[in-house]
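All remarks here apply to the structure that follows.
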Amino acid sequence: MSEQQPNPYTSDPAGQGGQPGAPGMPGQEDYKWGPGEASYGYPQPYPAAPAYQPTIGGAGMPTPAHPMAAPVGGAGMSLGDITIAGDQIITPSGTMPLKGAMWNATDFSRTEEKIPPHAIVLAIVFFLFCLLGLLFLLMKQKTTTGYIQVTVTSGGRHHSSMIPAVDAYTYQWVMGQLNYARSMSM
């Protein structure tokens, strides 16, 4: 019905449209599906997997032959279960060097404001006697729930700690402590 046209996308200059890898066709290699050789150094081969480092002492973690000496200088500060003592960061998952540590904090707390139940009762009682009882509905009660997550990474290790939020200013307090820890890590 229709005449077959030459394939304009072949590398055959004569436009014959021969199949790659066909016998007797010079300069034609077999087509190989999939990625070819890397060009410009990309993609790089994956690096070897690091040695297994559990976060809790136990199997696979070497035990020191001698007890660890107490760090010099005493405890500098403590934030949750993370303690800075001397030039070390002490966590339940092990010690890390203080120099070059990366500190982060994430606020997972929320503060709600609502009218307390006793204000509603007072508004109803005093509304019957005088119209000023509605002013009791202006009373507000703030409650804060949640936690602040503090993470530290140093020396190839990572530790995360949760600090409960007791009021709306807990995050500012944690950030002050965190900035002090960052200044000591430099």
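Among the residues in the stretch 114-130, are any out of contact with any His (no Cβ under 9 Å at 6 or more places or on another chain) and within 30 Å of MET96 (Cα to Cα)?
Going through the stretch 114-130, the residues out of contact with any His (no Cβ under 9 Å at 6 or more places or on another chain) turn out to be 114-130.
Next, from what is left, pick out any that are within 30 Å of MET96 (Cα to Cα): none.
Within the stretch 114-130, none of the residues are out of contact with any His (no Cβ under 9 Å at 6 or more places or on another chain) and within 30 Å of MET96 (Cα to Cα).
This table checks each residue for (1) more than 30 Å from ALA123 (Cβ to Cβ); (2) aliphatic (A, V, I, L, M); (3) at pLDDT below 90.
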| position | (1), (2), (3) |
| --- | --- |
| THR144 | no, no, no |
| TYR147 | yes, no, no |
| THR151 | yes, no, no |
| TYR169 | no, no, no |
| TRP173 | yes, no, no |
| LEU178 | yes, yes, no |
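For the stretch 57-74, check the following and say yes or no: at least one residue is among the β-branched types (Val, Ile, Thr) and modelled with pLDDT of 90 or more. I'd like the intermediate steps shown before the answer.
First, pick out the residues of the stretch 57-74 that are among the β-branched types (Val, Ile, Thr): 63, 72.
Subset that is modelled with pLDDT of 90 or more: none.
No, the stretch 57-74 has no match at all.
Restricting the stretch 111-169 to residues that are among the small types (Gly, Ala, Ser), in contact (Cβ under 8 Å) with a residue 60 or more places away in the chain and at negative phi, which is surrounded by the fewest Cβ atoms within 10 Å (Cβ to Cβ)? Steps first, please.
Going through the stretch 111-169, the residues among the small types (Gly, Ala, Ser) turn out to be 119, 123, 133, 146, 154-156, 160-161, 165, 168.
Restricting the remaining residues to those that are in contact (Cβ under 8 Å) with a residue 60 or more places away in the chain gives 154, 156, 161.
Retained after the next criterion (residues that are at negative phi): 154, 161.
Numbers: SER154: 20, SER161: 17.
The residue in question is SER161.
Can you find a residue that is under 20 Å from LYS114 (Cβ atoms) and over 18 Å from the mean Cα position of the chain (by Cα) anywhere in the stretch 176-186?
Checked the stretch 176-186: no residue is under 20 Å from LYS114 (Cβ atoms) and over 18 Å from the mean Cα position of the chain (by Cα).
Quick one: in the stretch 103-143, which of the residues that are among the aromatic types (Phe, Trp, Tyr) and touching a helix residue (DSSP H, G or I) at 6+ places or on another chain (Cβ under 6 Å) is nearest to ARG182 (Cα to Cα)? Explain how you work it out, then say what you get.
The first filter runs over the stretch 103-143 and keeps only residues among the aromatic types (Phe, Trp, Tyr), leaving 103, 108, 126-127, 129, 136.
Filter once more, keeping what is touching a helix residue (DSSP H, G or I) at 6+ places or on another chain (Cβ under 6 Å): 103, 126-127, 136.
On the way: TRP103: 7, PHE126: 55, PHE127: 56, PHE136: 46 Å.
The residue in question is TRP103.
Being open to solvent by 60 Å² or more (accessible area, probe 1.4 Å), assigned to a strand (DSSP E or B) and at pLDDT 55 or above is the requirement here; does GLU29 meet it?
Numbers: open to solvent by 60 Å² or more (accessible area, probe 1.4 Å): yes; assigned to a strand (DSSP E or B): no; at pLDDT 55 or above: yes.
No; evaluated as a whole, the condition is false for this residue.
The values are calculated or read from the model by the stated rules, or taken from the named source; none is laboratory data. In this text, all values refer to a predicted model and were calculated from it rather than measured experimentally. Positions of Cβ are generated from backbone atoms using ideal geometry, with glycine treated the same way; all protein chains shown enter the neighbour counts. For accessibility, only protein heavy atoms count, side chains too; no ligands or nucleic acids. Shrake-Rupley method; radii C 1.70, N 1.55, O 1.52, S 1.80 Å.
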